1. What is the fewest-to-most order of A:Met1, A:Met33 by other Cβ atoms lying within 10 Å of their Cβ?
2. Given the options B:Pro111, B:Pro73, B:Pro148, which has the most mean-square fluctuation in a GNM of chain B, springs set between C-alpha atoms less than 10 angstrom apart?
3. Which one of B:Thr23, B:Ala161, A:His154 is farthest out on the positive end of the charge dipole of the protein assembly as shown, using unit charges on Cβ (Lys, Arg +1; Asp, Glu -1) and the Cα centre as origin?
4. If each residue's Cβ is checked for other Cβ atoms within 10 Å, how do A:Arg90, A:Arg59, B:Arg149, A:Arg75 rank with the fewest at the top?
5. Please give the residues of segment B:1-33, grouped as numeric ranges, whose backbone N is less than 19 Å from a label point set 7 Å along the Cα-to-Cβ vector of B:Glu106.
6. Per-residue HN-Hα couplings for segment B:143-151, Karplus 6.51 cos²θ - 1.76 cosθ + 1.60 at θ = phi - 60°, whole Hz, x for Gly and Pro?
7. Nearest 0.05, what FRET efficiency do A:Gln99 and B:Ala169 give at R0 = 45 Å with Cβ-Cβ as r?
8. Got a sec? How would A:Phe95, B:Phe43, B:Phe173, A:Phe68 order by Cβ neighbour count within 10 Å, fewest to most?
Number of protein chains: 2
Amino acid sequence: MHRSVELEKAYRLLNHGPVTLVTSAHGTARNVMAASWAMPLDFDPPKVAVVIDKTTWTRALIEASGEFALNIPARQIAAAVLEVGNRSGRDGDKFAACQLTTFAAEKIAAPLVEGCVAWLECKIIDEVHQQQSYDLFLAEVVAAHADPRVFDGHWHFADDALRTLHYVAGGAFFQTGAECVVQG
Amino acid sequence: MHRSVELEKAYRLLNHGPVTLVTSAHGTARNVMAASWAMPLDFDPPKVAVVIDKTTWTRALIEASGEFALNIPARQIAAAVLEVGNRSGRDGDKFAACQLTTFAAEKIAAPLVEGCVAWLECKIIDEVHQQQSYDLFLAEVVAAHADPRVFDGHWHFADDALRTLHYVAGGAFFQTGAECVVQG
């Protein structure tokens, strides 16, 4: 289930630091990788920063296409997220291997992953020095979507299966926990 | 309570995307600001990336000193974190105004905030173009510490008061939730 998110609210999809799935496509090739090192970079126009290692197949597809999507997975597909992190797309279609289905993005060729709860379609900003020196990609968010069951401009998690994930290490995630409203 | 963390494990303190308090100092001036847009950038040597707006007093102190610390607050000081985000250090000492106490860092002049559960001492990497164009600071982590009650090389949250926080918007945080171990 997915509905468009206004671009000026797109940063909120990533603001709480969830793990992401980076999808990419070029020609007939496509891939998906897990990335925890992603964050908002600006509000308007919305921008993001993400670290994509030189050795990855995703890196080749992103450099060739100039595009990628950040998909924000929910707990319901946690096992697939972990599996994505353990495979290389060079060994065959990782979506099929990890039993991930996709739907078409609006403004880019990279597919979006079902079972996620938010999606950011991104076009990379041409900053070659940062890409080469730090594996750091800056990109503008050109479209955003979220599952209306959990995001209506703000996140509201009720069903555990739809909670977002925060990756730690060794195959373990923390799910996004209880809301904590404090008196300012 | 704080104990040194080996530098090769320092990324784990930030990997799950918690909100941070950025502390800085130059001469007799010091400041603290809240920042959600921080992430690991590399493992060894550990590096981080953080967005620091041009208009902030913290920015001036970081540019003058070349240093900052990322302090990772726990729920026990959530109200102070929010208060930090609502004030400017130009209006007077924000630590006192927010009732935050500090202790000395090991390798930098910026103070570290009590009530946090992890601390990353950072020296900025000289990348002026990124700082000017994107407010993006890259830095090397030169020392790291964590509260041994919650981090022993991995995070273990038991006491809610010591859980880390993920900032969303409008004065609300999510606390880091239940661990979710999946079969790969």
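No lab work stands behind these numbers, since they all come straight from the coordinates. Predicted model, so just to flag it, every value in this text is computed and none were measured. Glycine gets a Cβ as well: all are built from the backbone with ideal geometry, and neighbour counts include every protein chain shown.
1. So the ranking, lowest neighbour count to highest, is A:Met1, A:Met33.
2. Top of the fluctuation ranking is B:Pro148.
3. My answer, from the dipole projection, is B:Ala161.
4. Fewest-to-most Cβ neighbours within 10 Å comes out as A:Arg90, B:Arg149, A:Arg59, A:Arg75.
5. It comes to B:1-15, B:23-24, nothing else.
6. Computed from phi, the couplings for segment B:143-151 are 7, 9, 9, 8, 6, x, 5, 10, 9 Hz.
7. 0.85
8. Fewest-to-most Cβ neighbours within 10 Å comes out as B:Phe43, A:Phe95, B:Phe173, A:Phe68.
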